[in-house]
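Let me begin by presenting the structure, written as structure tokens, before commenting on it.
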Amino acid sequence: MTLGNLRDLYQQVILEHYKKPKHKGQTNPVHRYQKGHNPSCGDTIELTLQLNDAGDTIVDAKFQGEGCAISMASADLMAEALQGKTIKEALEMVERFQGMMKGETEFPKEQRKLNVMQGVSQFPVRIKCANLTWHALKAALESSNGSQLDGFISNEKEER
Ligand code: ZN
């Protein structure tokens with residue numbers, strides 16, 4: 001497979017997740033909620049997480065929002081990859097994804113689906129779009145280390 005074909009394939013995967021997201025909606029119940037906004041493109045994401053009883057593992061992750069194909073596909077891919085992950089693992093994934101956007105790293109075999117976003121690192125304007133959902137995840141996980149949902153918070157400052 002040539003590099004060009006590989007890029008096309010990645011593009012197809014991104015478009016597929018954009019058009020037919022598998023994890024759109026809201027978890028029930030909502031244990032963590034985080035809204036994220038990327039002003040430079042206009043992407044908005046509302047991320048919800050359902051945790052296990054101990055509050056240390058993500059049982060389900062879903063997102064709602066509007067934005068470009070990159071931001072939406074990134075959210076759907078992330079939600080898929082988060083199923084059953086511990087909070088610690090999820091935070092490591094945030095680090096890794098951000099590293100990947102800097103062209104420094106990629107995901108190991110078990111999570112290689114996330115590597116379809118790797119090409120985005122070549123387009124600086126798009127990096128914020130891809131990172132938005134991961135910023136929201138990090139904020140959601142760090143928002144309260146207790147097990148209670150203590151109100152909805154908004155995270156609309158520009159990030160990167
Ligand atoms: Zn965007």
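With a point put 7 Å past each Cα toward its Cβ, work out how far residue 69 is from residue 13 in nm, to one decimal.
Reported label-point gap for residue 69 and residue 13 is 1.5 nm.
Helix 69-82 versus the longest principal axis of the chain: what angle, 0 to 90°, nearest 10, using Cα atoms?
60
When 53, 60, 76, 8 are ordered from fewest to most other Cβ atoms inside 10 Å of their Cβ, what list results? Don't skip to the answer; put the middle values down first.
Details: 53 8, 60 20, 76 23, 8 12.
Fewest to most other Cβ atoms nearby, the residues stand as 53, 8, 60, 76.
Would you mind checking the tilt of helix 3-19 against the longest principal axis of the Cα atoms of the chain, expressed as 0 to 90 degrees and rounded to 10?
Long axis of 3-19 versus the principal axis of the chain: about 40 degrees.
Could you list 40, 143 in order of exposure, starting from the residue whose Cβ has the fewest other Cβ atoms within 10 Å?
Ranking 40, 143 by Cβ neighbours within 10 Å, fewest first, gives 40, 143.
Could you list 20, 113 in order of exposure, starting from the residue whose Cβ has the fewest other Cβ atoms within 10 Å?
Details: 20 9, 113 13.
Lowest to highest Cβ neighbour count: 20, 113.
Using a/c under 1.5 as the rounded threshold, could you call segment 78-143 rounded, prolate or oblate? The axes a ≥ b ≥ c are square roots of the C-alpha gyration tensor eigenvalues, and prolate needs a/b larger than b/c, oblate otherwise.
oblate
Measuring from label point to label point, each 7 Å out along Cα→Cβ, what is the residue 104 to residue 52 span in nm?
That separation, rounded to one decimal, is 3.0 nm.
Assuming 0.36 nm per residue, please report the length gained on full extension of the stretch residue 83 to residue 112 beyond their Cα-Cα distance. Don't skip to the answer; put the middle values down first.
Numbers: separation 29, 0.36 × 29 = 10.44 nm, distance 1.48 nm.
Working it through step by step, the gained length comes to 9.0 nm.
Can you tell me the relative contact order of the chain? Whole percent, Cα pairs under 8 Å, sequence separation 6 or more.
Values: 280 pairs, mean separation 45.0, N = 160.
About 28 percent, as a whole number.
Please give me, ordered by residue number, the trypsin sites (Lys or Arg not before Pro) of segment 57-95 that lie in loop per DSSP and have at most 11 other Cβ atoms within 10 Å. Mind showing how you got there, number by number?
Details: sites: 62, 85, 88; in loops: 85.
Qualifying residues, ordered by number: none.
None of the figures in this text is laboratory data; all of them are computed from the coordinates on show. Keep in mind that what you see is a predicted model, and the values were worked out from it rather than measured. Cβ atoms come from the backbone with ideal geometry, glycine included; neighbour counts cover every protein chain shown.
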